[in-house]
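**Q** Attaching a single structure in structure tokens format; questions to follow.
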Amino acid sequence: MTSSASPFPFFDHSRHKLTVRNVDAVLDVLAFEGTEGLSELFNYRVEFTSTARDIAVEKMLGQNATFSLYSAPQQSPMRGFIPPPARQLRTLHGVVTGFKRLSGSVDEA
């Protein structure tokens, strides 16, 4: 008997990954913008959703974070074959300096 469950997700809307140290909740990247310059600190604003409704500001602020950017998902070269995984383009390492809950949704819970 074979299992119909695939080890690969059918589609992942959030192709970029955000992780924050000491935060176990899954953070799904919704949007981001950033600025970088020579001999300057970089600054990224990342908007995300999460099924966790109670992420405390104190738990986020000052924590180390990584933000990984991935290429767009590729189409399978032939029908029936698993497409290659998205390629990681870049990972940014930083510290969370601001956190604000914008809204809540029953859909996320």
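The values are calculated or read from the model by the stated rules, or taken from the named source; none is laboratory data. Owing to the predicted nature of the structure, the values given are computational and were not obtained by experimental measurement. Virtual Cβ from ideal backbone geometry, glycine too; neighbours counted across all protein chains shown.
**Q** Quick test of your reading of the structure: Leu27 fulfils all but one of (1) surrounded by fewer than 13 Cβ atoms within 10 Å (Cβ to Cβ); (2) in contact with a strand residue (DSSP E or B) (Cβ under 7 Å, 6 or more places away or on another chain); (3) touching a residue at least 12 places away in the same chain (Cβ under 8 Å). Name the failing condition by number.
**A** (1)
**Q** Could you tell me which numbered condition Val20 fails, if it satisfies all but one of (1) at pLDDT 95 or above; (2) more than 17 Å from the chain's Cα centre (by Cα)?
**A** Every listed condition holds for Val20 apart from (2).
**Q** Sticking with this structure for a sec: Condition test on Glu33, is it loosely packed, with under 13 Cβ neighbours inside 10 Å and in a helix (DSSP H, G or I)? First the steps, then the outcome.
**A** Working: loosely packed, with under 13 Cβ neighbours inside 10 Å: yes; in a helix (DSSP H, G or I): no.
So Glu33 does not fit the description; no.
**Q** Being of a type outside the set (S, T, N, Q), assigned to a loop (DSSP other than H, G, I, E, B) and either under 11 Å from the mean Cα position of the chain (by Cα) or at pLDDT 90 or above (or both) is the filter here; which residues of segment 42-54 pass it? Can you show your working first?
**A** From segment 42-54, those of a type outside the set (S, T, N, Q) are 42, 44-48, 52-54; that's our starting set.
Of the ones still in play, those that are also assigned to a loop (DSSP other than H, G, I, E, B) are 42, 52-54.
Once the filter is applied, which keeps residues that are of a type outside the set (S, T, N, Q), assigned to a loop (DSSP other than H, G, I, E, B) and either under 11 Å from the mean Cα position of the chain (by Cα) or at pLDDT 90 or above (or both), segment 42-54 yields only Phe42.
**Q** Another question, then. Quick test of your reading of the structure: Thr66 fulfils all but one of (1) among the polar types (S, T, N, Q); (2) surrounded by fewer than 11 Cβ atoms within 10 Å (Cβ to Cβ); (3) at pLDDT 90 or above. Name the failing condition by number.
**A** The one condition Thr66 does not meet is (2).
**Q** Checking Thr97 against (1) out of contact with any Leu (no Cβ under 9 Å at 6 or more places or on another chain); (2) part of a loop (DSSP other than H, G, I, E, B), only one condition comes out false. Which one?
**A** Result: Thr97 passes all but (1).
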